[in-house]
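The values are calculated or read from the model by the stated rules, or taken from the named source; none is laboratory data. As the structure is a computational prediction, the values presented were derived from the model and not from experiment. As a convention, Cβ positions derive from the backbone with ideal geometry for all residues, glycine included, and neighbour counts pool all protein chains shown. All accessible areas refer to the heavy atoms of the entire protein, side chains included, with ligands and DNA or RNA removed. Shrake-Rupley method; radii C 1.70, N 1.55, O 1.52, S 1.80 Å.
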Amino acid sequence: MPEPDTDVVVVGLGAWGSMALWQLAARGVRVIGVERHGRGHSLGASHGGSRMFRVTCLEHPGLVPLARRSAELWDLLGRLTGKPVLHRYGGLLIGAPDSAVVGGTLTAAREHGIDVEPLGRARLAERFPQHTALAPDDIGVWEPSAGLLRPEASIRAALGAAETAGARIFTGTEVTGIQPTDDGVLVHSPARTWSARRVVVATGSWLPSMPTLTPLPGLRVVRMPVTWFEPEDGTDRFRLADFPVFMRELDGGTVLWGCGADPPHDVKLGLEQFGAAAVPFDPLDTDRSVTPADWAPLREVLAEHLPGLRPEPSRVAVCMLTLTPDGQFVLGSLPEAPNVIVAGGDNAHGFKHATGIGELLADLATGREPRIDFSFMDVKRFR
Ligand SMILES: Cc1cc2nc3c(=O)[nH]c(=O)nc-3n(C[C@H](O)[C@H](O)[C@H](O)COP(=O)(O)OP(=O)(O)OC[C@H]3O[C@@H](n4cnc5c(N)ncnc54)[C@H](O)[C@@H]3O)c2cc1C
């Protein structure tokens, strides 16, 4: 093979791609990052000012080591750029003891020795009175190591750190083709083609429709509105310090999530609707307009479970999610094209892991043994 233009091209510089770019550049690998939109843009899955960080990963106990490693790397990114990105304010999980949210959290805490504080119903109501209409068997779990990440700022910080370490970045550049060759890969954009030893394709919700990639089975892209509300009486009851980031499983399994006001952001809230109510979405459609139908279900839930907020949101944004059949991420080299490494299927819980996934992708792209067992998210499980 003649010397390629670069060792690795990272396609998509959202949460996962930006962290992979940083990790690769930090190892001295020649790396190019290509992004169809701008840095920290608001058309994908990584905008809206905040994301919850938890170590007690209720989605799969195997994610705990990834979350722990991610926390170390978030702290490192904060030190490198002089601005912390992970804020450990603590986090609250509410539900019945056997609910997915509380049961999954307690299982992860027990299996991995994570320090959490169980809160009986009375203690929960006393400490977090904003949460009303608790079910008779609701309890709380307080995780002190949980907290918030700032997604747009984190992505910009990683891209800055990657550039400082030598990465080259092309924004406003759409990758239109990925062509495996005998000993590498060609990455096409309308203006030029790069040759590389490997490509990391971290295109989030665009992954299922990436040109010339073998379709990945069962990925579904859905639309998810995010809403911000102001307190009715302008009091401090809903400020972040008193109303920390939370997930609350309601009767019937619906999950209400959110976090308190942190100027300039109002109280941020959303409902997980991954079932029949999830609205399929074409990521190539750039229309992100909203209608009252986007917050009507939430409005009803709030009146009962979080009274004291104005019924009309002060702001609404639309994000995208990519769902997989088993709720786990999709990562790894394509069996039919080992120089093509894919990363997607975030299932709405991937931001906290972005630094750890970036490191994992850098391992795969440089032939290092990953420090995390990622077999349960390996793309090969579908083949
Ligand atoms: C409303 C909401 C709330 C969430 N809350 C949490 C939370 O509290 N905690 C948590 O851990 N996770 C949460 N998540 C999930 C988390 O935000 C996602 O897992 C994460 O942002 C996914 O990052 P990504 O890199 O896969 O996708 P993205 O950040 O969308 O990045 C994909 C990038 O690829 C680019 N791209 C696409 N196609 C091309 C192309 N052809 N050429 C070049 N570039 C291309 C896109 O422009 C984009 O920048 C939430 C998600 C949503 C939507």
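Since only Ser18, Ser195, Phe376 are under comparison, the one whose Cα sits farthest along the positive direction of the charge dipole of the chain, derived from C-beta charges on Lys, Arg, Asp and Glu, is Ser195.
Would you mind getting the Kirkwood hydrodynamic radius of the stretch 24-99 from its Cα pairs, rounded to one decimal in Å? This gives a value of 15.6 Å. Here the accessible area is traced with a 1.4 Å probe on the protein chains. For the stretch 84-160, carbon and sulfur cover 57 percent of it.
Probing with 1.4 Å while keeping every protein chain in the model, the per residue accessible area of the chain equals 40 Å². For the stretch 301-365, a crude dipole built from +1 on the beta carbon of Lys and Arg and -1 on the beta carbon of Asp and Glu, taken about the Cα centre, is about 300 debye to the nearest 20. Note on the stretch 224-383: Rg/Rh from Cα positions, Kirkwood definition for Rh, rounded to two decimals, is 1.05. Just the accessible area for Leu219, please: 1.4 Å probe, Å², rounded to the nearest 10? Approximately 30 Å² of Leu219 is accessible to the 1.4 Å probe.
With contributions of -39500 (n - 2.57) from each DSSP H run of at least four residues, the per-residue ellipticity at 222 nm computed over the chain stands at -7000 deg cm²/dmol. Selection among Pro264, Met224, Thr235 by position relative to the dipole of the chain gives Pro264 as farthest towards the positive end (Cβ unit charges, Cα centre). Counting every pair of alpha carbons in the stretch 127-240, the share spaced more than 18 Å apart comes to 74 percent. Placing +1 on each Lys and Arg Cβ and -1 on each Asp and Glu Cβ, with no other charges, gives the stretch 23-118 a dipole about its Cα centre of roughly 600 debye.
Of the listed residues Thr193, Thr173, Thr355, the order by accessible area with a 1.4 Å probe, largest first, is Thr193, Thr173, Thr355. Name the aspartates and glutamates eligible as straight-distance cross-link partners of Lys380: C-alpha to C-alpha under 15 Å, and not fewer than 8 places from it in the same chain. Reachable aspartates and glutamates: Asp326, Glu336.
Atom-type composition of the exposed protein surface of the stretch 275-380 places 54 percent of the accessible area on carbon and sulfur (1.4 angstrom probe).
One way to sum up the overall shape of the chain is the equivalent ellipsoid from its Cα gyration tensor, whose semi-axes run 37, 21, 19 Å, largest first.
Simple point charges give the picture: +1 on the Cβ of Lys and Arg, -1 on the Cβ of Asp and Glu, and for the chain a dipole about the Cα centre of about 840 debye.
Excluding same-chain neighbours fewer than eight residues apart, the lysines reachable from Lys352 by a Cα-Cα span under 20 Å are Lys83, Lys268.
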